[in-house]
Amino acid sequence: MPFPLHRPRRLRQNPAWRALMRETRVGREHLVYPMFVQAGGARQEIASMPGQFRWPVNELVEEARRLHDRGLAALLLFGLPESKDDQGSGAWAENGIVQAATRALKRALPDLQIITDVCLCEYTRHGHCGVLRPAPGGVEVLNDPTLELLARTAVSHAQAGADMVAPSDMMDGRVAALRRALDARGFQQTPILAYAAKFATAFYGPFREAAESAPQTGDRSGYQMDMGNRREALHEMQLDFDEGADILMVKPALPCLDILADARRRFDIPLAAYQVSGEYAMIKAAARAGWLDEARVVRETLLAIRRAGADMVLSYFTPDLLPDK
Ligand SMILES: [Zn+2]
């Protein structure tokens, strides 16, 4: 028998064969673009996320139109309200910033799919994702009273025209609460993209600047997951699946490829991964220093996330992957 019998290099000899053998691809159809919308003013670049902006509604619509013309299929909307309060009432206000932006986007671009972030932290003065009460040594985020507010928020987004809602709070039971509330108001067809395994991580740092949502006291480790926990991530995802989530998300993405791979084996519904602000900032900073080839590294990270099992990736690099740039 000649040795070696298997020569994998045979299939790597030219670009055509390499393309034919490629197992995983990433293209615009796999990507969702997260965008930040603010009340009024001019667009503002986010210092720790170069190339990303906080957009007033009118400019957001124009930017979305440019991206949609180039093939953008869906965007995820985060709102920065004009004012905050202890409850986070701006989250479900009929004329809240996300509701206004969603209406404007759907009017101008009915085919562009709008996914809305459902959480309270951008709208609460204290910056936590739920209802707060003082507790020994700090504060406590109350789970069950928060569910009702999240459900109210999701319904208001659907009423404004959101095509999908994405709860990011990590309260227990929120998917079931949202599903019940949406169904009761006639939104049986509005899917829920659940931030199912969302880890507490410093990788969210730049986002908090973008969304002005850093907690004023304490941190989010009382509701977001511990970075060391792999089995618990599957448990969290199972709960959201059982409560009726249509899509399960893992966040952050690159530090959690094992979680994605585990989830891919266990669940047959679509999986999403969020390439978060810190992942974006790391690549941007290294590229600016001339240490990395940005375009190639971006493509490779997205491929790795897809290879691990994500059907779709929420990424700030989405515009770079659209054609005709
Ligand atoms: Zn939150």
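The values are calculated or read from the model by the stated rules, or taken from the named source; none is laboratory data. Keep in mind the model is a prediction, meaning the values are calculated, not measured. No Cβ is skipped: glycine too gets one built from the backbone with ideal geometry, and neighbour counts run over all protein chains shown.
Screening region 168-188 for residues that are out of contact with any Leu (no Cβ under 9 Å at 6 or more places or on another chain) and free of Cβ contacts under 8 Å to residues at least 12 places away in the same chain and picking the one that is farthest from LEU147 (Cα to Cα) gives GLY186. For region 206-222, the candidate set comprises residues that are under 17 Å from CYS256 (Cβ atoms) and touching a residue at least 60 places away in the same chain (Cβ under 8 Å); within that set, the residue that is nearest to the ligand (Cβ to nearest atom) is ARG220.
Taking the condition basic (Lys, Arg), away from the ligand (no atom under 14 Å from the Cβ), without any contact (Cβ under 8 Å) to a residue 40 or more places away in the chain and on the phi < 0 side of the Ramachandran plot, does ARG103 pass? Here the answer is no, as ARG103 does not meet what is asked. Looking only at region 282-293, residues that are more than 18 Å from PHE207 (Cβ to Cβ) and surrounded by fewer than 16 Cβ atoms within 10 Å (Cβ to Cβ) come to 6 in all. Here region 1-51 is the region considered, the condition is being free of Cβ contacts under 8 Å to residues at least 24 places away in the same chain and assigned to a strand (DSSP E or B), and the residue that is surrounded by the most Cβ atoms within 10 Å (Cβ to Cβ) is GLN44. Quick one: would you say HIS128 is under 19 Å from PHE36 (Cα atoms), surrounded by 24 or more Cβ atoms within 10 Å (Cβ to Cβ) and either modelled with pLDDT under 95 or touching a Cys at 6+ places or on another chain (Cβ under 6 Å) (or both)? Considered against the rule, which asks whether it is under 19 Å from PHE36 (Cα atoms), surrounded by 24 or more Cβ atoms within 10 Å (Cβ to Cβ) and either modelled with pLDDT under 95 or touching a Cys at 6+ places or on another chain (Cβ under 6 Å) (or both), HIS128 comes out as yes. In the condition set (1) crowded, with 17+ Cβ neighbours inside 10 Å; (2) in contact with a Pro (Cβ under 6 Å, 6 or more places away or on another chain); (3) closer than 30 Å to ASN58 by Cβ, GLY71 is compliant with all but (1). Filtering region 229-236 for residues that are within 16 Å of the ligand (Cβ to nearest atom), touching a residue at least 12 places away in the same chain (Cβ under 8 Å) and over 15 Å from the mean Cα position of the chain (by Cα) leaves a non-empty set. Residues of region 195-241 that are small (Gly, Ala, Ser), within 30 Å of GLU45 (Cβ to Cβ) and assigned to a helix (DSSP H, G or I): ALA202, GLY205, ALA210, ALA211.
Candidates VAL61, VAL57, VAL98: the one that is touching a residue at least 24 places away in the same chain (Cβ under 8 Å), touching a Gly at 6+ places or on another chain (Cβ under 7 Å), over 22 Å from MET312 (Cα atoms) and of a type outside the set (Ser, Thr, Tyr) is VAL98.
Scanning region 104-125 for residues that are surrounded by fewer than 24 Cβ atoms within 10 Å (Cβ to Cβ), under 20 Å from the mean Cα position of the chain (by Cα) and assigned to a helix (DSSP H, G or I) yields one hit, LYS106. Of the candidates GLU300, GLU279, the single residue that is surrounded by fewer than 16 Cβ atoms within 10 Å (Cβ to Cβ) and part of a helix (DSSP H, G or I) is GLU300. Is it fair to say ARG54 is surrounded by fewer than 16 Cβ atoms within 10 Å (Cβ to Cβ) and either at pLDDT below 95 or not β-branched (Val, Ile, Thr) (or both)? So ARG54 fails the test.
Once region 131-169 is narrowed to residues that are of a type in the set (Asp, Glu) and surrounded by fewer than 23 Cβ atoms within 10 Å (Cβ to Cβ), the residue that is farthest from the ligand (Cβ to nearest atom) is ASP163.
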